[in-house]
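Peer 1: What follows is a structure written as structure tokens; I'll ask about it next.
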Amino acid sequence: MIQGIGAAAGVAIGKAFVLPAWEWDVPDRRMEKVDLAKEFERLYEGIRTSKTEIEVMKNEIKETVGAEESGIFDAHLAILEDPVFMSEIRGIIERQYKAAEVAVKEAIDHFVTMFDLLDDEYMKERALDIKDVGNRLLKHLLGTPDITLPADTQPYILVAKELSPSQLVHLNPDNVLGMVTMAGGKTSHSAIMARALGIPLVSGLEHKLTEPVQTGDLLVIDGDEGQVYLNPGPEIIKRYTEVAEKQRRRKEQLQLLAAVEAVTKDGVRLRLAGNISSVKDLELAVKYGAEGVGLFRTEFLYMDRTTFPGEDEQFEVYRQVAEKAGAYSVVIRTLDIGGDKQLEYFELPEEDNPVLGYRAIRISLDSKELFQTQLTAILRASAYGNVKILYPMISSLEEIRAANRILEDAKQDLRARGLSFDPGVQVGVMIEVPAAAAIADLLAQEADFFSIGTNDLVQYVLAVDRMNEKIAHMYHPYHPAVLRMLKQTVQAAKEAGIPVSVCGEMAGDERAVPLWLHLGVSDLSMSPQSLLRVKHRILNSYAGESREAGAACYRLPTSNQIEAELDRFGYEMEQERLGK
């Protein structure tokens with residue numbers, strides 16, 4: 001057995017296909033000074049072609065795994081526009097009179113070496129992006145064809161030194177049983193895409209193999225435990241065949257729950273909605289039994305383009321979602337850009353700490369015309385379904401009131417144009433910054449509903465950037481401070497008589513069900529992939545017992561103890577279900 005890193009869950013058994021490294025030999029070719037203009041033109045043409053290819057791949061992967069994961073390719077486009085990276089290449093051509101492909105290869109090697117020397121796993125993973133983009137550019141400069149995957153339809157386990165998003169985008173998930181990489185880890189872009197595609201992945205096997213994997217070798221990989229077995233004996237194959245069969249049956253059994261209401265054994269009902277970024281996401285959420293949309297992330301309508309979407313274009317998307325949701329509600333969050341979500345055509349100021357800076361509702365209130373256009377489109381869609389409006393990153397009463405004034409202007413505009421809308425459309429606020437939780441009682445007097453965004457709430461309450469590998473271990477959703485913020489928010493909503501839902505990652509964690517039952521939260525919204533797991537937990541729970549377990553968590557002083565209590569309760573409940 002070879003121990004690696006479990007980067008994407010699941011078990012796979014099959015024959016290996018070893019993908020050759022996507023690297024080329026580049027002769028150190030110098031030129032005469034008069035050839036500089038020609039080399040620069042070759043470089044720029046290669047960049048243009050590479051950008052076009054990346055845009056095509058981005059659109060392809062969006063159709064497969066959704067808009068959020070396809071944003072990986074924004075990072076690749078940014079590299080081709082990065083002034084430091086491009087200046088390095090141009091400098092080598094200009095000062096050393098080297099061919100464009102030589103300059104690109106040297107620049108790649110320089111930056112990859114520099115990132116690899118840093119004691120930061122996140123930066124090491126970004127070195128893979130540099131190599132991916134650089135090798136794509138080299139391919140065009142050298143006229144080298146892509147390395148292709150097997151043409152037949154026989155399923156295989158893909159083995160590579162490292163897998164780039166550019167290679168993964170062309171995978172057929174039906175043919176790929178699993179993946180193994182020598183480099184990479186849980187934060188790599190290939191790991192993110194593997195999880196989105198539902199393909200098991202074990203990474204980090206470099207220097208751990210006593211013999212190289214050959215195409216045709218039999219592999220067993222365990223993406224949960226990060227283990228790989230090379231040409232294993234019959235006992236290992238038998239054991240993991242049984243595990244894989246159990247996982248397959250569990251998926252089939254969970255799918256049967258799609259049409260079942262989420263009701264505990266003692267009759268308490270919860271409503272599970274989907275977090276979506278597109279109409280396609282809604283179709284997947286409905287397949288898994290979502291009761292409407294608890295969070296429509298509209299910022300993805302603004303991406304992959306060169307100008308802001310107009311009112312009619314936005315209205316058509318919102319209308320489609322409202323109609324497809326039928327009688328269920330659709331909560332549409334207004335534009336939430338800034339921080340890690342940038343638009344190429346909308347230049348935001350450089351900030352030392354963009355996560356705490358100019359973003360979300362702050363941009364909307366500062367760009368009234370842009371904001372009113374979106375609100376007008378949402379209002380028009382409200383005539384076609386149960387549509388609600390959600391303001392992101394609210395931290396004060398003044399922000400709600402300012403946003404509502406612009407909403408009133410949008411309503412007046414529609415009345416003047418004779419266009420239909422729901423005059424009583426509900427307006428809610430996201431509780432995702434500590435200030436909002438602290439004044440939840442005041443906000444509840446102005447809002448029709450609350451939606452708790454736990455991802456940002458945890459980050460801000462604990463002052464921990466969850467994308468920073470150095471401190472990611474400090475990001476604890478079950479920290480006592482977070483639980484207190486949740487309780488304070490829910491109590492304020494109850495006292496004001498307004499509904500409250502949870503739409504962050506905690507909502508999609510089945511372990512948290514006792515907390516929601518204890519707090520009295522009956523509306524949860526999550527990624528489509530989490531819906532059936534959470535529903536399964538609810539269906540096999542007694543609300544009374546769960547509330548007691550949730551209450552016990554509030555008496556514990558540390559994150560570890562709280563998680564251990566939730567794990568213990570979940571294990572005992574599962575054992576009881578199995579009759580053990």
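Peer 1: In which sequence would Asp281, Asp109 go, from the one with the fewest C-beta neighbours within 10 Å to the one with the most?
Peer 2: So the ranking, lowest neighbour count to highest, is Asp109, Asp281.
Peer 1: Holding the Cα-Cα limit at 26 Å, pick out from Lys368/Lys487; Lys131/Lys287; Lys58/Lys251; Lys280/Lys487; Lys246/Lys535; Lys280/Lys470 the pairs that are longer than that.
Peer 2: Lys368/Lys487; Lys131/Lys287; Lys58/Lys251; Lys280/Lys487; Lys280/Lys470, as the Cα separations exceed 26 Å there.
Peer 1: Rounded, prolate or oblate: pick one for the range 268-537, where a ≥ b ≥ c are the square roots of the eigenvalues of its C-alpha gyration tensor, a/c under 1.5 means rounded, and failing that, prolate if a/b is larger than b/c, else oblate.
Peer 2: rounded
Peer 1: Further, regarding this structure: Calculate one ³J(HN,Hα) per residue across the range 94-108 by plugging θ = phi - 60° into the Karplus curve 6.51 cos²θ - 1.76 cosθ + 1.60, and present them in order as whole Hz with x for glycine and proline.
Peer 2: With the stated coefficients, the range 94-108 comes to 6, 8, 10, 6, 9, 5, 4, 5, 5, 5, 5, 4, 5, 5, 4 Hz.
Peer 1: What do you get for the angle between helix 121-142 and the principal long axis of the chain? Use alpha-carbon atoms, 0 to 90 degrees, nearest ten.
Peer 2: Helix 121-142 and the main axis of the chain meet at about 50 degrees.
Peer 1: Let me ask something else about it. Can you put Cys503, Cys553 in order of Cβ neighbours within 10 angstrom, beginning with the fewest?
Peer 2: Fewest-to-most Cβ neighbours within 10 Å comes out as Cys553, Cys503.
Peer 1: Rounding to the nearest 10 and keeping the result within 0 to 90°, find how far the Cα-based axis of helix 72-81 lies from the longest principal axis of the chain.
Peer 2: 50 degrees
Peer 1: Please report the antiparallel percentage of the DSSP beta bridges confined to the chain, to the nearest 5.
Peer 2: Of those bridges, close to 35 percent are antiparallel.
Peer 1: Neighbouring Cβ atoms within 10 Å as the yardstick, rank Met393, Met1, Met303 fewest first. Each step should come with its number before you reach the end.
Peer 2: On the way: Met393 23, Met1 11, Met303 20.
If I rank by nearby Cβ atoms, fewest first, I get Met1, Met303, Met393.
Peer 1: Mind pulling the angle between the C-alpha long axis of helix 559-577 and the longest principal axis of the chain? Nearest 10 degrees, somewhere in 0 to 90.
Peer 2: 80 degrees
Peer 1: Taking Cα pairs under 8 Å and at least six residues apart, what relative contact order does the range 290-367 come out at, in percent?
Peer 2: Computed over the range 290-367, the figure is 35 percent.
Peer 1: Between the DSSP loop rule and a limit of at most 14 other Cβ atoms within 10 Å, which trypsin sites (Lys or Arg not before Pro) in the range 477-559 are left?
Peer 2: Arg555
Peer 1: Moving on to the next point. Name the trypsin sites (Lys or Arg not before Pro) in the range 300-368 that are in a loop by DSSP and that have at most 15 other C-beta atoms within 10 Å, would you?
Peer 2: For trypsin sites (Lys or Arg not before Pro) across the range 300-368 that sit outside H, G, I, E and B with at most 15 neighbouring Cβ atoms in 10 Å, the list reads Arg305.
Each reported figure results from applying straightforward, stated rules to the coordinates on display, with no laboratory input. Keep in mind that this is a model prediction, so the values were computed, not measured. With ideal geometry, Cβ positions are generated from the backbone for all residues, glycine too; neighbour counts draw on all protein chains shown.
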